[in-house]
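Note sheet for the following structure.
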2 protein chains.
Amino acid sequence: MIDYEAHLSGAARRYQESAIRRIGALSASIPDLVSFAAGSPAVETFPWEALQEIVAGLLARRDGAALQYGATRGYRPLIEDVVHLLARRGVDAAPDQIVITTGSQQGLDFVGRIFIDPGAPALVELPTYSGAIAAFRNLEADLVGVRQDDEGLSIEGLTEAAQALARAGRPARFVYVTPNFQNPAGLLMSRARRRELLEAARRLDLLIVEDDPYGSLYFEDAAVEADTRPLKADDADGRVVYLGSMSKTLVPGFRVAWLVAPAPVAARVELAKQAADLCSGVFDQRVVHAALASGLVDRMAPGLRAHYQAKRTVMERALGETLAGQLSWRSPRGGFFLWVRLPEGVRDTDLLDRALAAKVSFVPGSAFFVDGGGHDRARLSFSNPTPERIVEGARRLAIALAGADVRQAPKAQSREPRA
Amino acid sequence: MIDYEAHLSGAARRYQESAIRRIGALSASIPDLVSFAAGSPAVETFPWEALQEIVAGLLARRDGAALQYGATRGYRPLIEDVVHLLARRGVDAAPDQIVITTGSQQGLDFVGRIFIDPGAPALVELPTYSGAIAAFRNLEADLVGVRQDDEGLSIEGLTEAAQALARAGRPARFVYVTPNFQNPAGLLMSRARRRELLEAARRLDLLIVEDDPYGSLYFEDAAVEADTRPLKADDADGRVVYLGSMSKTLVPGFRVAWLVAPAPVAARVELAKQAADLCSGVFDQRVVHAALASGLVDRMAPGLRAHYQAKRTVMERALGETLAGQLSWRSPRGGFFLWVRLPEGVRDTDLLDRALAAKVSFVPGSAFFVDGGGHDRARLSFSNPTPERIVEGARRLAIALAGADVRQAPKAQSREPRA
């Protein structure tokens, strides 16, 4: 018997499974489960007819290049679509600053490969996207968390953390942020905070990695487009690496996303991508190009905003009715997630066991914290289930909570307004 | 101005551009170029009608899962197709040993991430696939080359190299080989050599990474299917990590390939993939599943073998007629490449400059050597151009060679039979 462990790289020996993926695997064996775990878009929003037309048109043309190997940086007309898309959000990017990636997850992997030496620190939000934690930890990053307040990442916290690392002789190279409707906390960073963050990054000599999958999914009852202006739009000194994606605004299955970076950084990303997968799906990129160029993505956007806003409302009402004050949260102004505080004494992972028994799932808050915290939190995703299933899931969650082991603790002191 | 270099990881600072990709970029600016450089399949073999039917059928079903995020290991019915495909080639693999990858290039990246620590050695063939060199070097591998003879990798060479590394206290964990119609040398490893390699790997405690994109593209005038039996088929002790792909036997644009490894290794690859891109193209995987399940891939195979065999013959004849003995090569028994020895005194990179001026390209031999050698070689790919273009390319190559700076050297002593 071969000792495979002995053949593994140090990094591979230390790989950790993503909590979300693990829950996905667990959940697959539970029939009739209501999943509040997966951050997947709603399949009822998928534009079947338009895609049928696009795809049929592409294949009818019999252009061999549509099914051949493609350029590592991506399909040039798609890159130009991205230039226009970004321009409309205030970002002035040239084609040589853009690399098409296989989902933004690949962009995060490249960011890690380009900027992280094994053992080196990187700054992330508390909480932050679990897939970024996995990507950076697989590369042996030492992740240092920075607290957030109601307006987003704490500049004081960022400054303290960055200065402490610099003093210790191991400065962080970047801070990773999701200013728009953060996964998991749903936070929309304030405009003032965005300016302060750009200034702080300059002062601290940090690059900013800005992940923006949800930017166009603001809820029109609570936010306007201008609230979602990317940091990259005001990146006067070329300090921001920006990640955008089609996974939430068209469909995820084509795995089309993009990374925007100063040209010298984009050139390194291209080299990383050459060796990582040669190029992203070639046919997929043409489909997405057609979806952008034909206006399909623009036509879908208002409907998607309304769709997720309505589901948010359904979930907030259902939780409010069935859980009467046991859970608290800040009402999200966009995106896919309700980030709830659990009753005092209820631990996220314990509650998940009970929830799975009651046939409802969520992601434990601790999956999003790099400092061991978050056990008093849960991420409930309202994006994928239908309204009826959201209501049913809330009912099941109430059953799970009723059985939860609340250890003689005082009633939760909510620091946030109830929905 | 930000000093981006100072923010890069050590690995990223040392990234090297792949020679093939660089030539591709150079060539894009030359109108009417005949490319013998790209190892791309022939677009005239693409099965447009069948794909139109498959794709239309998939979208007509309106199954949301076809466009949603998918399982990291891949689409389960596709994994089962791969099980059957492998079984027919003598390989007994269970689904938990298979991970679908975004092209085999991603498989190579994962192999590197799983098995290579920065600075650690890995064994490769002299010459070997330049994309593997890039993937492993990006991960800071110290690549050690092992010579090949007419039957494939030299077992003596492998033993010497592995033992020297072990004696130096830094044993190699794997040897990377392409037994079937190697890129670039076109070599088909003999059946005896395959057995010897498996034995040597056991003796030397090496894993074997077997890359097999061309296995089913043997030329029926020179080889039979049994000649291409994968090492993995005789891997009694779970020592072989096998890479297969649809890029050469269907189309490359869907980026669908697979990695087969002992289950504990496959589980690590899954963790790497979770963080690297969540999952490969979901729609693409369903298209490829349909292409396999409907028998399309099987129906295409004899035609592909005949197509590339005919092109090989065209190239050999054209070179024989126009270059009358200046180039020598071993006639390939499958695959995409003619691996030619240049006239004595002609350097590969110098000839490439002249060739580009004459509007024909190839890949310099040195791109495939990890020891600085190969400047007396060139890889000529006959897979992509039409027969007419192959003839025209040979004519242009003769012009380039006529102008080449053959430095008063004696006539080439060919060690191989002329075509």
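The values are calculated or read from the model by the stated rules, or taken from the named source; none is laboratory data. All figures in this text were calculated on a predicted structure; none of them were measured in a lab. Don't worry about glycine lacking a Cβ; one is built from the backbone with ideal geometry, like all the others, and counts go over all protein chains shown. Remember, those area values only see protein heavy atoms, side chains included, never the ligands or the DNA or RNA. Shrake-Rupley method; radii C 1.70, N 1.55, O 1.52, S 1.80 Å.
Points worth noting:
- Residues that are touching a helix residue (DSSP H, G or I) at 6+ places or on another chain (Cβ under 8 Å), open to solvent by 10 Å² or more (accessible area, probe 1.4 Å) and assigned to a helix (DSSP H, G or I), drawn from segment A:347-398: A:THR349, A:LEU352, A:ARG354, A:LEU356, A:ALA357, A:SER366, A:ALA367, A:PRO387, A:VAL391, A:ARG395, A:ARG396, A:ALA398
- Residue within segment A:197-214 that is over 23 Å from A:ALA120 (Cβ atoms), outside any helix (DSSP H, G or I) and either within 13 Å of chain B (Cβ to nearest Cβ) or of a type in the set (Gly, Ala, Ser) (or both) present: yes
- Where a residue in segment B:76-94 is more than 17 Å from B:HIS289 (Cα to Cα) and its partner, wherever it lies, is of a type outside the set (Lys, Arg) and buried (at least 20 other Cβ atoms within 10 Å of the Cβ), with Cβ under 6 Å and at least six apart: B:ARG89/B:PRO230; B:VAL91/B:PRO230; B:ALA93/B:LEU86; B:ALA93/B:VAL260
- The listed residue being within 14 Å of chain A (Cβ to nearest Cβ) and closer than 26 Å to B:ARG193 by Cβ, out of B:GLY119, B:GLY131: B:GLY131
- Check on B:ALA266, surrounded by fewer than 20 Cβ atoms within 10 Å (Cβ to Cβ) and either modelled with pLDDT of 95 or more or not acidic (Asp, Glu) (or both): no
Residue by residue, here is whether (1) within 27 Å of B:LEU139 (Cα to Cα); (2) buried (at least 19 other Cβ atoms within 10 Å of the Cβ); (3) touching a Pro at 6+ places or on another chain (Cβ under 9 Å) holds:
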residue	(1), (2), (3)
A:GLU44	no, no, no
A:LEU58	no, yes, no
A:ASP63	no, no, no
A:ASP92	no, no, no
A:ASP109	yes, yes, no
A:LEU123	yes, yes, no
A:ASP150	no, no, no
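- Unique residue being open to solvent by 10 Å² or more (accessible area, probe 1.4 Å) and part of a loop (DSSP other than H, G, I, E, B) when the list is B:GLY303, B:GLY325: B:GLY325
- B:LEU67 meets each of the listed conditions (1) among the hydrophobic types (A, V, I, L, M, F, W, C); (2) facing chain A (nearest Cβ under 10 Å); (3) open to solvent by less than 40 Å² (accessible area, probe 1.4 Å); (4) in contact with a Lys or Arg (Cβ under 9 Å, 6 or more places away or on another chain) apart from (4).
- Among the residues of segment A:159-196, those that are more than 24 Å from the chain's Cα centre (by Cα) and outside any helix (DSSP H, G or I) comprise A:ALA168, A:GLY169, A:ARG170, A:PRO171.
- Condition met for A:ARG62 (outside any loop (DSSP other than H, G, I, E, B) and either over 30 Å from B:THR386 (Cα atoms) or within 7 Å of chain B (Cβ to nearest Cβ) (or both)): no
- Selected residue (criterion: modelled with the lowest pLDDT) from residues of segment A:1-31 that are part of a loop (DSSP other than H, G, I, E, B) and more than 7 Å from chain B (Cβ to nearest Cβ): A:MET1
- Per-region count, segment B:269-295, residues buried (at least 18 other Cβ atoms within 10 Å of the Cβ) and either away from chain A (no Cβ under 13 Å) or closer than 25 Å to B:PHE219 by Cα (or both): 5
- Candidates in segment B:252-266 are the residues that are of a type in the set (A, V, I, L, M) and within 15 Å of the chain's Cα centre (by Cα); of these, the one that is nearest to A:GLY74 (Cα to Cα) is B:VAL256.
- One residue alone among B:VAL111, B:VAL124 is within 13 Å of another protein chain (Cβ to nearest Cβ) and under 16 Å from the mean Cα position of the chain (by Cα), and that residue is B:VAL111.
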